1. Taking amide H atoms as placed 1.01 Å from N in the peptide plane, list the residues 5 or more away in sequence, or in a different chain, whose amide H sits under 5 Å from that of Trp200.
2. What percent of all Cα-Cα pairs in the chain falls into each 20 Å bin, going from 0 up to the bin containing the maximum distance?
3. What whole-number distance in Å separates the alpha-carbon centres of the stretch 139-155 and the stretch 64-81?
4. Could you state the principal axis extents of the C-alpha atoms in the stretch 426-477, from the largest down, to the nearest angstrom?
5. Based on the alpha-carbon gyration tensor of the stretch 332-416 and its eigenvalue square roots a ≥ b ≥ c, which shape applies: rounded if a/c is under 1.5, prolate if not and a/b is larger than b/c, or oblate?
6. So what is the relative contact order of the stretch 332-416, in percent, for Cα pairs below 8 Å that sit 6 or more residues apart?
7. With the alpha-carbon atoms as the only input, what is the per residue convex hull volume for the stretch 1-77 in Å³?
8. So what is the relative contact order of the stretch 299-379, in percent, for Cα pairs below 8 Å that sit 6 or more residues apart?
Amino acid sequence: MSSLDKYKIQLYNTLSRSKEDFIPQNPDMVTLYSCGQTVYEDIHVGNAKTYVVWDILVRTLKHLDYNVKWVQNFTDVGHLTDDADEGEDKIEKKARLLKKDPMELVDEKIYEYYLSLDAINVKRPDIAPRATGHIVEMIDLIKKLIENKHAYEVDGSIYYDISTFETYGDLAKLDLENLKAGARIGVNEDKRNPGDFALWIKAPQEHIMKYTSPWGKGYPGWHVECSVMSMKYLGETLDIHTGGEDHIAVHHTNEIAQSEGATGKKFANIWMHSAFITLNGEKMSKSLNNFITIAELIEKYGKNVVRFSLSQNHYRTQADFSYKQVESHRKRYYRLIKSYQLGLQEIHRYKDQEFDVDVSLKSLDLFNKAMADDLNIPKAFLQINNAASKIDQFRKNGEFEQMHNFMRTFEIMMDVLGIPIIQLTPRETKNIDMMINLRIQLKSEGKYEDGDNIRDYIQSLGYVVQDLSKTETIWYKEEK
Ligand code: AMP
Ligand code: ZN
């Protein structure tokens, strides 16, 4: 029986505010679009948390036997400092401050994006399109919306008339009466309704990133790029569309109006949103300038601990960032790694023994069920923790075959969550064991200083040495 027959995947759909059975349109290929980074600042912990969630989603789908085509964009034009179509392009503003060409800044930030996300083991999407590469398609979509009477021009800018789209605001359960009264946003004289949003914005003379269009020189509104790039690469109806919860009220609401207004088809079957990471209770954000970069965190704790830390809570649970918490994640990560590595050392020591490696089907089954249940990571972790305890228990009892099975199970589960396991080579085990034994010998002869020197040397190589008794010492490796 394949996993597909076995595990019914349920995902929480923001559209219905409930968990729904996940049924891809084409059972052989799930189409997934994730809103990506606006590339003008370093990646912060909040951004990274969201990308880790989608990485875990893709890994889970693949683990449960689905193929996935995954597109995640880079926003490199049109994201203004203000959601109400006022303000400046975020990239242009930052580039001006740094006295750089906007595209120079974009290239730098994309490079850094991959440095950070590769480091924390986030797989790259199949396609990572950039908005500036899709201006022509954006203009086509806007033309279609004008043709379908959803959009209108005022002096070189094009706006979406939200009153023409019957289900506008359904995703966010927006109160349209409030929108009409202009409660949400400042009133722009050009707009027919205060909630209308820009598809194309006329560029002032000094604006750098501007393009030729049928309506004169301008640049696209932010939301239009995601409609265009998702449909171009994945088709008019997506199986899953994801983003941070900050996108529900404006960005995703507008994407639906654009895509469905152009095609007349349902845009995305399932909308998944990840909850915020906050800092002192406030959303961690580039605009509020209250963020901790991923690079900073990696520098402090190492990339594995950062990945472990970001793979903890349920994706729909908001979490407040604290160093104290990362520190406790660090301890938990190394407790797991220690169990695994102590098991691995035994396998290296008894390498002549033949093991029939299997997995613990029961643990894996419970793990799979937890992940298939809207990525219930906290529940899935119970199985990871349990596997580590079993590794310890079977190791202590000398039941290495059973131990090996749980190690294999542990590896599979950690990989679904994208958490790296620090491995050891047989040679490492042999070398460190030799030094550890020498140290025990020296101590038994009263040569404590020599023993300490050996311990310090082993530790300087990145291993942790722990004495359980006078004659028993264990060791494991930490990330350098
Ligand atoms: P941005 O470049 O600001 O549009 O953000 C890129 C991605 O990170 C989007 O999916 C956002 O929803 C997400 N994001 C931004 N800030 C946070 C946060 N504090 N917590 C979780 N996700 C966030
Ligand atoms: Zn988007």
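1. Ile158, Gly221
2. 22, 47, 23, 8, 0
3. Comparing the Cα centres of the stretch 139-155 and the stretch 64-81, I get a distance of 24 Å.
4. 29, 18, 17
5. Taking the square roots of the gyration eigenvalues as a ≥ b ≥ c, the stretch 332-416 is prolate.
6. Answer for the stretch 332-416 is 39 percent.
7. Here the figure is 113 Å³ per residue.
8. 42 percent.
The values are calculated or read from the model by the stated rules, or taken from the named source; none is laboratory data. Computed from a predicted model, the values in this text were never measured in an experiment. Backbone-built Cβ (ideal geometry, glycine too); neighbour counts: all protein chains shown. Just so you know, the surface numbers come from the protein's heavy atoms only, side chains and all, with ligands and any DNA or RNA stripped out. Shrake-Rupley method; radii C 1.70, N 1.55, O 1.52, S 1.80 Å.
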